[in-house]
Amino acid sequence: MAPAKPALGDRGPVSRLGTLPILGQPNPNEPKDIHLVGRYAVGATWADNHGSIYPFDRLRQDCPCGACGSLATLTPAMTWPNEIKKTPEGLRVSWSDGHTSLYPYAALRALCRCAGCTGGH
């Protein structure tokens, strides 16, 4: 028996890497504001007014360098930022252990784990 054909209009899995800009609208992958949220997280308010919160430990695990995500354990120094800076290239975080992470904004937006972005309730 042959496998079932996909339904009309089925384009397969959708990539979450960023949100597509709409002509005449602000780029949703550009942050309007980067700010601290409590003592253990950084927040971003995006151009489309969506709000994202990134706990420091999770942000370090999601570092795009590749090496950080494979670390078995993270020490407190590894998850505490010395500096968080909004740059044209992305969000740059300098960690207490000397490591620096650069999160391109579209990739950072894709890391949002709020209910709206993850399909939760």
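Please treat every number below as a calculation from the coordinates, not as lab data. Everything numeric here is computed off the predicted structure, so don't read it as measured data. Here the Cβ positions follow ideal geometry from the backbone for every residue, glycine too, while neighbour counts run over all protein chains shown.
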Please find, among THR73, THR87, the residue that is within 16 Å of ALA44 (Cβ to Cβ) and of a type in the set (Val, Ile, Thr). THR87
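Tell me, which strands (runs of 3 or more DSSP E) wholly within region 21-71 include 3 or more residues that are surrounded by 15 or more Cβ atoms within 10 Å (Cβ to Cβ), at negative phi and in contact with a Pro (Cβ under 7 Å, 6 or more places away or on another chain)? Before the answer, list the steps.
Details: elements: 31-37, 41-46, 51-55.
Counting at least 3 such residues, we get 41-46.
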